[in-house]
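The values are calculated or read from the model by the stated rules, or taken from the named source; none is laboratory data. Quick caveat, the model's predicted, so the values are computed rather than measured. Don't worry about glycine lacking a Cβ; one is built from the backbone with ideal geometry, like all the others, and counts go over all protein chains shown. For accessibility, only protein heavy atoms count, side chains too; no ligands or nucleic acids. Shrake-Rupley method; radii C 1.70, N 1.55, O 1.52, S 1.80 Å.
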Amino acid sequence: MEATGTDEVEKIKSKFMSAWHNMKYSWVLKTKTYFSRNSPVFLLGKCYHFKTNESGELSTDGSNFDKINTEISGNVEEFRKDFISRIWLTYREEFPQIKGSALTTDCGWGCTLRTGQMLLAQGLMLHFLGRAWVWPDALDIDNSDSESWTAHTVKKLTASFEASLTAEREPKILSNHHQGTLKRNCDDNEMRNDVYHRKIISWFGDSPLSAFGLHQLIEYGKKSGKIAGDWYGPAVVAHILRKAVEEARDPELQGVTVYVAQDCTVYSSDVIDRQCSFMDSGKADTKAVIILVPVRLGGERTNMDYLEFVKGILSLEYCVGIIGGKPKQSYYFAGFQDDSLIYMDPHYCQSFVDVSIKDFPLESFHCPSPKKMSFKKMDPSCTIGFYCRTVQDFEKASEEITKMLKSSSKEKYPLFTFVKGHSRDYDFASSPLREENDLFSEDEKKRLKRFSTEEFVLL
């Protein structure tokens with residue numbers, strides 16, 4: 001009886017916190033973001049100019065950009081379509097209870113897991129859809145002006161708050177335009193892209209069965225001493241994402257692997273071994289790799305000397321973004337203009353969407369408006385991500401990034417390094433291949449504990 005009473009108290013507490021978080025986080029979306037017409041805008045390797053009459057060559061400060069091949073697109077609409085097409089993963093509420101807790105929302109604590117999900121989602125989009133892909137319905141999501149969008153947000157917030165207090169499911173307020181992409185006359189390629197678009201989002205659904213959903217990530221986090229409700233740092237999330245991809249059983253995911261740099265070092269032979277490992281289907285084929293590099297851009301504050309390097313990284317088409325943010329707030333950085341970073345913010349509480357149903361609504365998984373933040377406000381601890389489809393792509397990327405590291409570094413040592421050989425050649429106990437019955441080796445557990453307590457500021 002006592003246990004039942006405790007459970008009821010936890011449920012009431014959870015509903016109260018859900019209502020509070022809706023009040024606290026549902027306003028975050030609609031703040032105006034201003035872009036200069038005189039400076040290029042970079043978004044995950046693509047460059048956009050907002051000038052109506054473009055003249056002369058595109059020029060940017062910093063020597064890093066001289067050798068970067070970028071596609072220059074000529075209008076704001078193309079940028080908006082590209083940005084909105086990125087997958088946006090935010091706080092959710094009223095999803096199935098997280099195992100071992102009474103939590104049905106990640107509001108207030110799950111932001112770094114969400115930004116990690118966004119980075120991984122971008123890597124999977126590059127793998128299955130390619131960088132040129134954009135969502136055909138992207139511009140339909142934001143045809144309203146500022147006032148009508150704010151009215152929509154207030155309506156949603158009010159309904160959400162009332163539902164939280166009365167223990168009812170929040171009524172879904174969907175845009176009328178969505179009648180299903182497959183109803184349009186489209187060719188086989190568009191149908192294929194629509195299938196993969198939905199499939200990628202479904203892998204991040206908030207249910208225990210979703211391969212990269214919050215429930216699964218928390219289970220893997222337990223192996224490093226984390227539980228639901230804890231703060232997660234960007235380095236810990238990098239290792240959790242690696243394990244989630246390793247353990248994924250969907251046949252479509254067998255062609256992708258994740259490598260996490262060790263102590264700011266990428267060991268080339270370890271990466272290639274991962275890429276050349278046999279697929280579960282028995283075919284000797286190479287895997288695409290998503291490389292995650294946890295780094296620190298300074299001491300207590302971000303060192304402005306790293307700005308040009310970060311801008312250079314976000315100018316690469318195979319960059320899948322950065323898990324970073326401000327202290328105690330994690331953001332997914334995807335681009336920049338001048339000295340400001342462009343990001344997607346997970347601090348927006350939305351209702352649970354059942355991604356297992358056919359033609360589930362897609363709107364809430366795409367952010368209608370970008371946000372900007374000065375680089376100097378960035379927390380120094382972050383994780384940088386890259387995608388390489390083949391071994392040749394990895395070798396080319398490692399050469400290009402190494403040159404960028406050397407040219408941008410004013411310090412004695414670069415931010416991170418690519419080293420030939422295996423980690424074991426340098427007397428590291430860790431190996432690229434792990435025992436299946438142990439999600440994290442003892443060496444990894446020590447490293448994760450160190451990252452989450454001392455060397456990395458929690459976001």
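Worth a mention:
- In the set (1) open to solvent by less than 40 Å² (accessible area, probe 1.4 Å); (2) at pLDDT below 90; (3) closer than 21 Å to Ser277 by Cβ, the condition left unmet by His422 is number (2).
- Residue list for the range 91-119, filter: of a type in the set (Ser, Thr, Tyr) and either assigned to a strand (DSSP E or B) or within 19 Å of the chain's Cα centre (by Cα) (or both): Tyr91, Thr105, Thr112, Thr115
- Matching entry among Glu300, Glu219 (being part of a helix (DSSP H, G or I), at negative phi and charged (D, E, K, R)): Glu219
- Residue pairs whose Cβ atoms lie under 8 Å apart, separated by 6 or more positions or on different chains, with the first residue in the range 96-125 and of a type in the set (Lys, Arg) and the second open to solvent by 10 Å² or more (accessible area, probe 1.4 Å) and assigned to a loop (DSSP other than H, G, I, E, B), are Lys99/Pro208.
- Filtered by the rule that a residue be among the hydrophobic types (A, V, I, L, M, F, W, C) and in a helix (DSSP H, G or I), the range 120-141 gives Leu120, Ala121, Leu124, Met125, Leu126, Phe128, Ala138, Leu139, Ile141.
- Residues satisfying the stated conditions in the range 55-81, i.e. modelled with pLDDT under 50, open to solvent by 70 Å² or more (accessible area, probe 1.4 Å) and not in a loop (DSSP other than H, G, I, E, B): Ser63, Asp66, Lys67, Ile72
- Number of residues in the range 288-304 that are modelled with pLDDT under 95 and farther than 15 Å from Ser381 by Cα equals 0.
- The range 332-344, residues that are open to solvent by 10 Å² or more (accessible area, probe 1.4 Å) and under 25 Å from Thr105 (Cβ atoms): Tyr343
- Residue within the range 267-274 that is touching a Gly at 6+ places or on another chain (Cβ under 8 Å) and closer than 29 Å to Gly100 by Cβ present: no
- Here Gly233 passes the criteria (1) closer than 19 Å to Gly325 by Cα; (2) in contact with a Gly (Cβ under 9 Å, 6 or more places away or on another chain) except the one numbered (2).
- Matching option when the condition is out of contact with any strand residue (DSSP E or B) (no Cβ under 8 Å at 6 or more places or on another chain), under 30 Å from Gly108 (Cα atoms) and open to solvent by 60 Å² or more (accessible area, probe 1.4 Å), among Asp263, Asp230: Asp263
- Count of the range 365-375 residues, restricted to those that are surrounded by fewer than 21 Cβ atoms within 10 Å (Cβ to Cβ) and more than 15 Å from Phe79 (Cα to Cα), is 3.
- Of all the numbered requirements in (1) more than 30 Å from Asn193 (Cβ to Cβ); (2) open to solvent by 30 Å² or more (accessible area, probe 1.4 Å); (3) touching a Phe, Trp or Tyr at 6+ places or on another chain (Cβ under 7 Å), Lys328 misses one, and that requirement is (3).
- Qualifying residue in the range 193-204 (condition: of a type in the set (S, T, N, Q), open to solvent by less than 30 Å² (accessible area, probe 1.4 Å), at pLDDT 85 or above and in a loop (DSSP other than H, G, I, E, B)): no
- In the range 246-260, the qualifying residues are those that are assigned to a helix (DSSP H, G or I) and open to solvent by 10 Å² or more (accessible area, probe 1.4 Å), and the one that is farthest from Leu120 (Cα to Cα) is Pro251.
- Pair list, Cβ < 8 Å and 6+ apart or interchain, from the range 36-54 residues that are farther than 18 Å from Phe333 by Cα and open to solvent by less than 20 Å² (accessible area, probe 1.4 Å) to residues that are modelled with pLDDT under 90 and charged (D, E, K, R): Phe50/Arg37
- Qualifying residue in the range 173-180 (condition: at pLDDT 95 or above, surrounded by 13 or more Cβ atoms within 10 Å (Cβ to Cβ), of a type in the set (Gly, Ala, Ser) and part of a loop (DSSP other than H, G, I, E, B)): no
To keep it simple, each residue is scored yes or no on (1) touching a Cys at 6+ places or on another chain (Cβ under 9 Å); (2) touching a residue at least 60 places away in the same chain (Cβ under 8 Å).
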| residue | (1), (2) |
| --- | --- |
| Phe333 | yes, no |
| Ile342 | no, yes |
| Val355 | no, yes |
| Cys367 | no, yes |
| Met373 | no, no |
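- Residue check for Met378: hydrophobic (A, V, I, L, M, F, W, C), crowded, with 20+ Cβ neighbours inside 10 Å and out of contact with any strand residue (DSSP E or B) (no Cβ under 9 Å at 6 or more places or on another chain): no
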